[in-house]
1. Need the failing condition index for D260 against (1) modelled with pLDDT of 90 or more; (2) not in a helix (DSSP H, G or I), just the number.
2. Identify the single condition in (1) in contact with a Pro (Cβ under 8 Å, 6 or more places away or on another chain); (2) within 24 Å of K558 (Cα to Cα) that M489 does not satisfy, given that it satisfies every other one.
3. Restricting attention to the stretch 480-501, which residues are open to solvent by less than 10 Å² (accessible area, probe 1.4 Å) and under 28 Å from V377 (Cα atoms)?
4. Among the residues of the stretch 225-234, are any of a type in the set (K, R), touching a strand residue (DSSP E or B) at 6+ places or on another chain (Cβ under 8 Å) and in contact (Cβ under 8 Å) with a residue 40 or more places away in the chain?
5. Scanning the stretch 492-527 for residues that are in a helix (DSSP H, G or I) and closer than 24 Å to K558 by Cβ, which turns out modelled with the lowest pLDDT?
6. Answer yes or no as to whether L686 is at pLDDT 85 or above, closer than 22 Å to L736 by Cα and part of a helix (DSSP H, G or I).
7. Identify, from the list G739, G774, G767, the residue that is without any contact (Cβ under 8 Å) to a residue 24 or more places away in the chain and under 23 Å from E718 (Cβ atoms).
8. What is the number of the single condition among (1) at pLDDT below 85; (2) hydroxyl-bearing (S, T, Y); (3) part of a loop (DSSP other than H, G, I, E, B) that Y672 does not meet?
Amino acid sequence: MAQPTPSTVHRPPSTVTFHAKPQPSFNKNFDLLIRSLHELRASGYEIYICSDNPKQIARLQAIFKELKANLEWYPVETALSAGFIDEDLKIACLTDHQIFQRFHPYKLRTGFTKEQALNVRLIRELQPGDFVTHIDHGIGKYSGLQKIEIGGQMQEAVRLVYKNNDILYVSIHSLHKISKYIGREGEAPQLSKIGSDAWKQLKARTKKKIKDIAAELIKLYAKRRAAPGHAFPPDGYLQNELEASFIYEDTPDQVKATQDVKIDMEKDYPMDRLICGDVGFGKTEVAIRAAFKAVTDGKQAAVLVPTTILALQHWKTFTDRLKDFPVTVDYVNRFRSAKDKTEIFKKLAAGQIDIIIGTHALLNKEVKFKDLGLLVVDEEQKFGVAAKEKLRALQVNVDTLTLTATPIPRTLQFSLMAARDMSILRTPPPNRQPIHTEIRVFDDDLIKDAIYFEIHRGGQVFFVHNRVTDLPKMVELLRRLCPDVDVAMAHGQMESDHLEKVLVEFIDRKHDVLVCTNIIETGLDIPNANTIIINRADMFGLSDLHQLRGRVGRSNVKAFCYLFAPPMSVLTPEARKRLRTIEEFSDLGSGFQVAMRDLDIRGAGNLLGAEQSGFIADIGYETYQKILDEAIQELKETDFKDLFKDELARKGAYVRDVTIETDVEMLIPDEYVSNTNERLSLYTQLDEIEDEAGIERFAQMLTDRFGKLPKQVNFLFEGLRLRWLCKQLGFERLILKGGKLRCYFVSDPQSSFYETEQFHKIVQFIGEKGRIMGLHLKQTNKELIFVQDEVRGMKQAKGTLETLIGVVKPPLPAPGAASGPGENPG
């Protein structure tokens, strides 16, 4: 067979000609954009603007409306890497990221959120023999799931073993009361004794201590609530333009935090919000947007930072972000001369500076603002007590926004729960990669390789050595190892002019390597520096190491962190654990785990004093959080019930937890799901469902995975719905056995629940209709019980509770009242 010649193989069957050109550049000039779009429309082109972010489309619409651009265009919810104009089809496809000059992110696969993964993993990992903490009974040992017979029907429960081999069965409806014990490493906790008071006393002591501190904070909160503040107007055209010009994609958390801050600023009492997020997760951007909102309404904004370097860095960031807008930004720190400072303070008082960034110098008596509207405090925990007192005086009726990267596990600092609103940034920006972290012994060759690798890919290197006296020797060593590399030195004892010059030159990429002490720990944001070498890492605390490592890996380039320390065998056990922890938790957003391990759990340690940290170790971390929640809730219901009246009424928050006991067969049968661990995991997920939609999703998931739902599972769903209804009505316990329904009201006779209109309506209803429906109230020494005789199954019980809900809250349907999947129980 004859071989085809190359010309026969490659000749195209036909030629396609098309006339297209790339999207023109508008440099964020909206007048130019609108003019171009009008010209395209006049030439008969259809205009499509593509964005996969609905918020960007809304911003564009707002900008066009504000600029009175009467344009016909079509939004397309999809992302293109670049826009184009097709002259044959008369189509102009533009992209939002080119219009706004944003960085175009590529989609990454999304997995579990950190928390989902952690939760499911903890429960899945619960193996027989593991220690768990039950919030009412203390520390026990998990020994699997067990079937128990109640009133002739089978149910499943979690079996826990306590001291002296006492057994406790925990209903699958109360799984939220147990959590895996995470305490001191390598030490087995002591098992609690069921029925003894030791656990109760431990819990009561903690609660008292928490309440003492929290009460102070709530008083402060009440004072702020009562203080008159400035209500800022809704966003204008400039605000939309600023937010759209952010070159990265907002993470969902950033969007939510920005919205929360703006809602707070628009209220007529002062904002006090804390934004907590790991290093490099975009807190500064939220602060810039808030400051800009204040400035557009004619107010001034002050940004208070703990270190000289951070003031400089923030000044560069703010100036860079706001360069296209009519905003004046300046800064004070020890780099500025006395003459400069006097001039700046003068301008501040005259209102010629809109945003001022500075260290403690801003708390000076001679600093006067013309009209301060917003105070942003960065890394608040780094300020001393005296500075905080001055702050308090300054901020009673000024909106305050606090930023912190020191990982505070969610509810750990109840100051946040009781006296502060809080936003958490948990999602890393798109295309961020975890930092490769390894522990090594000091090694010249490794230093040389690491530095050359980074410099050959166009990056820069930090070399941290925390002894000022030896720094020059380190610089000499690095110059000897890498003679063609530009090495600079920075530490806090240098002349301030010289230090500023070195840092600015490093930021401007004039040096390749910066040898420095840990003065770079907070806030230096140099996306181009992606390798950090920390010498004698064993001498640093955990959070210092976490912060230092956060100086690199701030762009989409893979970053490296080398921790140099003597061999593990000669280190103290604490230093060994610290290094292992920082090496192990190198994922994005791992600050929370780092804090959990740092048993002083920094935020809580300082707030609650030393004995408390020990206490966290005694009872396990999650249970500690639960006790915090309980203590705060009790304070809200008792000492501060007037202040939180609206919140309590809205949430129906008088009951936190409902116990359900029935003689109905409620479980996931073995023949439906045979694996014990899988069943436990499903029970845990079921226990956390909060509404009817959640039940529907859960039922759908079960059907997809295991087939048609058995009736016992439908009974589980009914149990969940009963729990929701009880919570709304103020019942802490429901018993449905032998055809009789008993619901126990709030057990605390002092609870403000008994003064509510809701309670009086229920009593009145029973007085009027009790006879017909077989309802009555029963009073014992300790409890008030609502009783219904002759109840045929769960369906009737649910019907009775729904009737009561109708009496109490006629306009609102109960959250669990709608019929859901597979509702056939009875």
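1. Result: D260 fails condition (2) only.
2. Of everything listed in (1) in contact with a Pro (Cβ under 8 Å, 6 or more places away or on another chain); (2) within 24 Å of K558 (Cα to Cα), M489 misses just condition (2).
3. A490, L499
4. Keep residues of the stretch 225-234 that are of a type in the set (K, R), which gives 225.
Within this subset, residues satisfying the condition of being touching a strand residue (DSSP E or B) at 6+ places or on another chain (Cβ under 8 Å) are none.
Looking through the stretch 225-234, none of the residues is of a type in the set (K, R), touching a strand residue (DSSP E or B) at 6+ places or on another chain (Cβ under 8 Å) and in contact (Cβ under 8 Å) with a residue 40 or more places away in the chain.
5. Among them, the one singled out is I520.
6. Numbers: at pLDDT 85 or above: yes; closer than 22 Å to L736 by Cα: yes; part of a helix (DSSP H, G or I): yes.
Yes: the conditions hold for L686.
7. Numbers: G739 fails: without any contact (Cβ under 8 Å) to a residue 24 or more places away in the chain; G767 fails: under 23 Å from E718 (Cβ atoms).
Selected residue: G774, the only one of G739, G774, G767 that is without any contact (Cβ under 8 Å) to a residue 24 or more places away in the chain and under 23 Å from E718 (Cβ atoms).
8. Answer for Y672: the failing condition is (1).
The values are calculated or read from the model by the stated rules, or taken from the named source; none is laboratory data. Predicted model, so just to flag it, every value in this text is computed and none were measured. All Cβ positions, glycine included, derive from the backbone under ideal geometry; neighbour counts span all protein chains shown. The protein model used for the area step is the full one, side chains on, heavy atoms only, and it has no ligands, DNA or RNA in it. Shrake-Rupley method; radii C 1.70, N 1.55, O 1.52, S 1.80 Å.
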